[in-house]
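One structure below.
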Amino acid sequence: EDQVTQSPEALRLQEGESSSLNCSYTVSGLRGLFWYRQDPGKGPEFLFTLYSAGEEKEKERLKATLTKKESFLHITAPKPEDSATYLCAVQNYGGSQGNLIFGKGTKLSVKP
Amino acid sequence: DGGITQSPKYLFRKEGQNVTLSCEQNLNHDAMYWYRQDPGQGLRLIYYSQIVNDFQKGDIAEGYSVSREKKESFPLTVTSAQKNPTAFYLCASKEARGEAFFGQGTRLTVV
């Protein structure tokens, strides 16, 4: 069964304290892995797409990486405005075409 | 501005009442989706549609219904058969290979 597991469930950082969020996945064939940011009471906002192992994407203080079993979202020198829930999702070649399988998210809190 | 519009932002349902959540997109995407989000549960797929006049049940379709008469629109009806409808509902659209774009959500509460 296709599955996405995110860890930790919650992460509290001090401003400037770098860390990483993990997304482990099990799919029959990975078509793409997606990272989203979600603020309370709002819809998820797209961050990155990764398609193959070894691929990396960067945007400001965020960097996403991908291996054959997991993806990491690295946050360098975070600021309070980076506080949000970060969601990971995968799309596979099997099953219903185009559908995404989501993890439960990591809630990040950055204190000044 | 291209995007997805969900309405209303907040919705209150009385016991035994059907309510309809609106979702409109102007991204020209073929596929549209409805998700339900509960605390600690992540996003769960209710219904999806890959093309006009066709839709499929997701993982938690019981108590919900949809229609896809136009490419731009994918309304979700929460029927009285849904026993626990209080949740945050998200609509999304995407191309076959690519990221999904989400609306801002509708928070439904049973009163």
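The values are calculated or read from the model by the stated rules, or taken from the named source; none is laboratory data. This one's a predicted model, so the numbers in the text were calculated from it and none came from an experiment. Please note: Cβ atoms are built from the backbone with ideal geometry, for glycine as well, and neighbour counts cover all protein chains shown. Note: areas computed on protein heavy atoms with side chains; ligands, DNA, RNA excluded. Shrake-Rupley method; radii C 1.70, N 1.55, O 1.52, S 1.80 Å.
The apolar share of the surface of chain B, taken as the fraction of accessible area on carbon and sulfur atoms (1.4 Å probe, ligands and nucleic acids excluded), comes to 46 percent. Beta bridges per DSSP, both residues in chain B: antiparallel share near 90 percent. Here the calculated FRET efficiency for A:ALA53 and B:GLU15, from their Cβ-Cβ distance with R0 = 41 Å, stands at 0.20, rounded to the nearest 0.05.
For chain B, modelled as a GNM whose springs connect Cα atoms under 10 angstrom apart, the maximal fluctuation among B:GLU95, B:GLU72, B:GLU15 occurs at B:GLU15. By a straight-distance test (C-alpha under 29 Å), which lysines pair with A:LYS63 as possible cross-link partners, with residues fewer than eight away in the same chain excluded? Filter leaves A:LYS42, A:LYS79, A:LYS104, A:LYS107, A:LYS111, B:LYS94.
Each part gets one Cα centre, and for the range A:1-50 versus the range B:37-72 those centres are 22 Å apart. Summing +1 for each Lys or Arg and -1 for each Asp or Glu among the other residues whose beta-carbon sits under 12 angstrom from that of A:THR85 gives 0. Over chain B, Cα pairs under 8 Å with separation of 6+ residues give a relative contact order of 35 percent. Accessible surface buried by the A/B pair amounts to about 1700 Å², both sides summed, 1.4 Å probe. Once C-alpha pairs closer than 8 Å and six or more residues apart are averaged by separation and normalised to the residue number of the range A:57-112, the relative contact order reads 30 percent. Taking Cα centre as origin and charging only the Cβ of basic (Lys, Arg, +1) and acidic (Asp, Glu, -1) residues, the dipole magnitude of chain A rounds to 40 debye.
What are the GluC sites (Glu not before Pro) within the range A:38-112 that DSSP puts in a loop, where the Cβ has at most 15 other Cβ atoms within 10 Å? Here the sparse-neighbourhood loop sites are A:GLU55, A:GLU60. Shielding value for A:41-50 is 5, the average number of Cβ atoms from other chains within 10 Å of each residue's Cβ.
The local environment of B:CYS23, defined by Cβ-Cβ distances under 14 Å, has a net charge of +3 under the rule Lys, Arg +1 and Asp, Glu -1. Surface listing: B:ARG13, A:ARG61 arranged by accessible area from highest to lowest gives A:ARG61, B:ARG13, probe 1.4 Å. A straight chain from B:SER22 to B:SER80 at 0.36 nm per residue would run longer than the Cα-Cα distance by 19.1 nm. The mean number of Cβ atoms from other chains found within 10 Å of a Cβ in peptide B:95-105 is 6, as a whole number. Take the Cα of A:LYS69, step 7 Å toward its Cβ, do the same at B:VAL111, and the gap between the two points is 5.2 nm. Summarising the strand pairing of the protein assembly as shown, around 90 percent of its internal DSSP beta bridges are antiparallel.
What accessible surface, in Å², does a 1.4 Å probe find on A:ASP2, ignoring ligands, DNA and RNA and rounding to the nearest 10? Its heavy atoms expose roughly 50 Å² to the probe.
Pairs of Cα atoms nearer than 8 Å and 6+ residues apart set the relative contact order; for chain A it is 37 percent. Our coupling estimate for the range A:49-64, obtained by passing each phi through the Karplus curve with A = 6.51, B = -1.76, C = 1.60 and θ = phi - 60°, is 10, 10, 10, 9, 4, x, 6, 9, 9, 10, 7, 6, 8, 10, 9, 10 Hz, Gly and Pro reported as x. Principal axis analysis of the Cα atoms in the protein assembly as shown yields extents of 50, 37, 37 Å, listed in decreasing size. Using a cut-off of 12 Å between beta-carbons, work out the net charge of the residues near A:GLY43 (Lys and Arg +1, Asp and Glu -1, A:GLY43 not included). Computed value for this residue: +2. Normalised by 2.2 N^0.38 Å, with N the number of residues, the alpha-carbon radius of gyration of the range A:1-82 equals 1.12.
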